[in-house]
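In what follows, a structure is listed as structure tokens, so that the remarks can point back to it.
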Amino acid sequence: MHFRNWYWLILLLSLKAQAQDLEPRSYLNIPVDQTFFSAIYIYSTGDVYTSSDLPIDDFQLTTTTWGGQFARTFELDNKLAKFDVLFATACGDGEAIFRGEFRTKKFCGMADSKVKFNYNFYGAPALSPKQFLTKESQAVIGFTVQVTVPNGHYNKDEIFNIGSNRWAIETEIGGSFPIGRFEIDAAISGLFFEDNDEYFGDNVYSQDPVYNFQVHFIYDIGPAHWIGLDLNYFDGGDGFLNGEPFGIKKGNYRGGISYRYSFNANNSLKLILNKGITTRLGNDTDAATISWTYRL
């Protein structure tokens with residue numbers, strides 16, 4: 001099998017880190033010593049725009065992801081901190097016209113896990129559930145460090161893998177600013193990648209950092225019941241194969257809506273819908289996320 005004949009499939013790997021999360025209310029103050037379990041389903045479908053010098057047309061990709069998440073809040077220096085672990089499996093279905101020939105590819109496997117630490121250093125004192133009920137909302141500022149662990153399915157002799165075979169770390173600073181029943185959330189982050197030195201054999205794939213800015217406009221309908229408008233811009237992530245440019249990216253915008261409803265003190269449901277607004281090079285996908293969270 002000639003490497004170029006499967007170039008469009010390999011290109012998918014360089015696009016995986018391009019789609020950036022739109023996650024509202026990451027920097028709220030909540031009680032400490034709380035444990036949460038979440039079940040997550042993500043569906044994504046749409047076009048992938050490639051460079052005009054590649055012989056690829058009508059490139060489409062659909063993915064489904066099932067995940068589980070564990071989170072625990074705790075006190076650190078009298079402030080709120082949170083630890084998360086996310087694990088998932090994913091399946092995808094891609095198709096494109098390569099040099100006039102229609103090609104398809106399906107794949108499934110375990111995805112890379114993610115470990116996240118969040119610390120709210122301003123406006124988020126460590127509170128018990130009883131203290132939290134009497135606390136008025138105020139501005140909160142914090143930072144997040146998330147590590148992607150390369151434990152997903154990966155075989156260097158396979159062209160397509162769910163796992164990335166490389167560590168990645170994302171650092172973010174953001175805040176939440178309430179205005180009556182409204183709230184503005186904003187965050188800026190950078191995602192940095194280790195090289196993959198077993199890319200389709202012994203090739204070395206490296207990637208520049210991806211930078212992301214997101215903002216959310218939220219309206220509180222009732223206690224633990226809200227709706228939000230979500231926007232972000234991300235840029236960077238140029239790829240290089242053995243030092244040569246491979247999968248150059250352009251800055252893209254995404255937008256969406258989010259909704260959360262709590263059935264009771266222990267169970268809640270969250271829905272996030274988003275899509276590409278302006279896509280110059282990369283993924284132009286529609287994505288839907290549904291998550292159910294149970295508090296112990």
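The values are calculated or read from the model by the stated rules, or taken from the named source; none is laboratory data. All figures in this text were calculated on a predicted structure; none of them were measured in a lab. A quick note on method: Cβ atoms are made from the backbone with ideal geometry, for glycine too, and the neighbour counts reach across all protein chains shown. Calculation scope for accessible area: heavy atoms of the full protein, side chains included, ligands and nucleic acids excluded. Shrake-Rupley method; radii C 1.70, N 1.55, O 1.52, S 1.80 Å.
If you go through the stretch 210-245 and keep only what is hydrophobic (A, V, I, L, M, F, W, C) and outside any strand (DSSP E or B), you end up with just A224. Residues that are charged (D, E, K, R) and either part of a strand (DSSP E or B) or touching a Ser or Thr at 6+ places or on another chain (Cβ under 8 Å) (or both) within the stretch 87-134 comprise D93, E95, E101, R103, K105, K106, D112, K114, K116, listed in sequence order. Taking the listed residues I184, I159, I173, the one that is under 22 Å from L86 (Cα atoms) and either modelled with pLDDT under 95 or not polar (S, T, N, Q) (or both) is I173, with no other qualifying.
Just to be sure before I move on: is I290 open to solvent by 60 Å² or more (accessible area, probe 1.4 Å), part of a strand (DSSP E or B) and modelled with pLDDT of 85 or more in the structure I sent? Yes: the conditions hold for I290.
Is it fair to say I218 is touching a Gly at 6+ places or on another chain (Cβ under 9 Å), at pLDDT 95 or above and either open to solvent by 40 Å² or more (accessible area, probe 1.4 Å) or under 26 Å from F70 (Cα atoms) (or both)? For I218, the condition - touching a Gly at 6+ places or on another chain (Cβ under 9 Å), at pLDDT 95 or above and either open to solvent by 40 Å² or more (accessible area, probe 1.4 Å) or under 26 Å from F70 (Cα atoms) (or both) - is met. Within the stretch 88-115, the set of residues being under 17 Å from the mean Cα position of the chain (by Cα) and surrounded by fewer than 19 Cβ atoms within 10 Å (Cβ to Cβ) comprises T89, C91, M110, S113, K114, V115.
May I ask you to verify whether V140 is under 23 Å from E75 (Cα atoms), out of contact with any Gly (no Cβ under 9 Å at 6 or more places or on another chain) and open to solvent by less than 50 Å² (accessible area, probe 1.4 Å)? The answer is no for V140. In the stretch 173-187, the residue that is nearest to the chain's Cα centre (by Cα) out of those that are in a strand (DSSP E or B) and surrounded by fewer than 14 Cβ atoms within 10 Å (Cβ to Cβ) is F182.
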